[in-house]
Amino acid sequence: MVDLLPQVLLRWQAVEAAARIHFQRSGFGEIRTPLMEPTDLFCRGIGEATDVVGKEMYTFRDRGDRSCTLRPEGTASVVRAALQHGLLTQGPQKLWYAGPMFRYERPQAGRQRQFHQIGVEWLGASSPRSDVEVIALAWDFLASLGVGGLELQLNSLGSVDDRKAFRTALVGWLEQRVDQLDEDSCARLSTNPLRILDSKNKATQLLLESAPTLTESLSPESRSRFDAVQHGLTTLGIPFRLNHRLVRGLDYYCHTAFEITSDQLGAQATVCGGGRYDGLICQLGGVETPAVGWALGLERLLLVLEEASKAEPTGRASQLTRAPKPDAYLINRGFQAEQAALVLARALRSQGLTVELDSSGAAFGKQFKRADRCGARFALVLGDEEAGRDEVLIKPLLEKGDESTWAIDAISAMVDLLQSR
Ligand code: ATP
Ligand code: MG
């Protein structure tokens, strides 16, 4: 779990602000759910056979002896909230969220125990076009931030029946080759066999090259649905690569599954993952309702943004990650001047200006150096001499121009100058 310091939070908030606008434009409303839920929600909503529930959750008993869990992801909570507040009786719901998630994982670059996700859930949407729209929402958001080197990987898990057929075929095929399977995959053979396709073990990956594929098990209806999704993406000019190994572990996932990866992230390459989960709402006690969504990892996105801004110092990513500069740096020294500086800084800030007030009492030369270093456009200079005359000196630091003297109470005229471009 990491602390977030001011420099990082600047970028963070720029990304969240961009997300907020982006989602609003597509009619998604924000939802915030508690950080903690009854453990049972995640057991039912993510599944006992998954790594997340099996070994990654922060679970404890509260003082009322209830089993509680810090949320490891957002979807189960969003669905719970939608059901609890009867949102689905009002028709389909387009929702987005952002916030911390908790998983007991081995920390490494791009993998933390408290991390942050931004995600969207479209509850009640069934058409292939909604899959396309949701994927485009993720793709365009990342593009709008100036992130390059992304790849969209796409697969179809088919219908529940398609998956059952595939599962049987896969398990049958693998059972004849258990001696070649790694330990983790062997354990998954009975609990969560589709997840074996996701194995990072090299020998298992090689073995899987010749295993039956999901695509072969798709019914004609599922296949034409998958075609429609691909066609939609092509119409929007969004490039993708088919990856028949891309799976989500559980039975309520179906049809579209996708990931967006970056070539900048090494082993933790997935920035965003999502897909269709038509069975989940029913699983959590609602009436059968189709749904599609995704979640992206904010820390990983920030790593990618940092690389993008290094690669292109004047690009969009750089603008996002650049710290804003103060409009003015207020240099002041002497008893009377320091009192007047407090008043002046406050008056200018109340007019919307960003003013850095030097509080060191150091020599003017030192204060000027700091003014230069912080990148302020103007230095305001107040010594006891100026203060005695109720004046302040204004000196441009970045652009050419002469210094000028102003009456200290001519706030609106000063604001005009300091904001002039
Ligand atoms: P991974 O395969 O990397 O473990 P996942 O399949 O567990 O990912 P999801 O549950 O789909 O990930 O979460 C969506 C996104 O959240 C991921 O693509 C990733 O960007 C981010 N994410 C997941 N776990 C972590 C973590 N421990 N630290 C930082 N980001 C994470
Ligand atoms: Mg994981």
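The values are calculated or read from the model by the stated rules, or taken from the named source; none is laboratory data. Just so you know, these numbers come straight off a predicted model, no measurement behind them. Counting neighbours? That spans all protein chains shown, and the Cβs are built from the backbone with ideal geometry, glycine included. Each accessible area value is taken on the protein alone, full model and side chains, heavy atoms only, with ligands, DNA and RNA left out. Shrake-Rupley method; radii C 1.70, N 1.55, O 1.52, S 1.80 Å.
Side notes on the structure shown:
- Sparse-neighbour loop sites [GluC sites (Glu not before Pro); segment 196-292; at most 16 other C-beta within 10 Å; DSSP]: Glu209, Glu288
- Distance between segment 45-116 and segment 322-390 - C-alpha centres, whole angstrom: 48
- Rg/Rg_globular for segment 62-174, with Rg_globular taken as 2.2 N^0.38 Å and Rg from C-alpha atoms: 1.38
- Entries in Lys310/Lys400; Lys55/Lys94; Lys325/Lys395 that, when Cα-Cα distance is taken, lie over 21 Å: Lys310/Lys400; Lys55/Lys94
- Per-peptide average of other Cβ atoms within 10 Å, ordering 100-107, 269-276 highest first: 269-276, 100-107
- Accessible surface of segment 328-419 [probe 1.4 Å, protein heavy atoms]: carbon and sulfur percent: 49
- The residues of segment 328-419 expose, per residue, 55 Å² of accessible area to a 1.4 Å probe.
- Per-q log10 I(q)/I(0), segment 328-419, q = 0.14, 0.16, 0.20, 0.22 Å⁻¹ (Debye; single scatterer per alpha-carbon; no solvent): -0.41, -0.55, -0.90, -1.11
- Legend: translational diffusion of segment 200-312 by Stokes-Einstein, Rh = Kirkwood radius over C-alpha pairs, 20 °C, 1.002 mPa s; D = 129 µm²/s.
- Charge dipole (debye, nearest 20) of the chain; +1 at Cβ of Lys and Arg, -1 at Cβ of Asp and Glu: 200
- A DSSP coil position with no more than 14 other Cβ atoms inside 10 Å describes the following GluC sites (Glu not before Pro) in segment 344-401: Glu399.
- Counting only Cα atoms, the size of segment 252-324 along its three principal axes is 50, 28, 15 Å, in decreasing order.
- Three principal axis lengths of segment 17-95 [C-alpha, angstrom, descending]: 42, 28, 26
- Ordering Asn332, Leu320, Val292 by Cα displacement along the dipole of segment 277-339 toward the positive end leaves Asn332 in first place; charges were set at the Cβ atoms of Lys, Arg (+1) and Asp, Glu (-1).
- Start at zero, step by 10 Å, and the Cα-Cα distances of segment 323-368 spread as 29, 53, 18, 0 percent across the bins.
- Shape call, segment 177-227: gyration tensor on alpha carbons, a/c limit 1.5: prolate
- Beta bridges from DSSP with both residues in the chain: antiparallel share about 80 percent, rounded to the nearest 5.
- Stokes-Einstein translational diffusion, the chain - Kirkwood Rh over all Cα pairs, 0.890 mPa s, 25 °C, in µm²/s: 98
- Applying the criteria of a DSSP loop state and at most 15 other Cβ atoms within 10 Å to the trypsin sites (Lys or Arg not before Pro) of segment 299-362 yields Arg322.
- Angle in degrees between helix 220-235 and the longest Cα principal axis of the chain, rounded to the nearest 10: 20
- Sorting 198-205, 58-65 by average packing, meaning the other beta carbons within 10 Å per residue, from highest down gives 198-205, 58-65.
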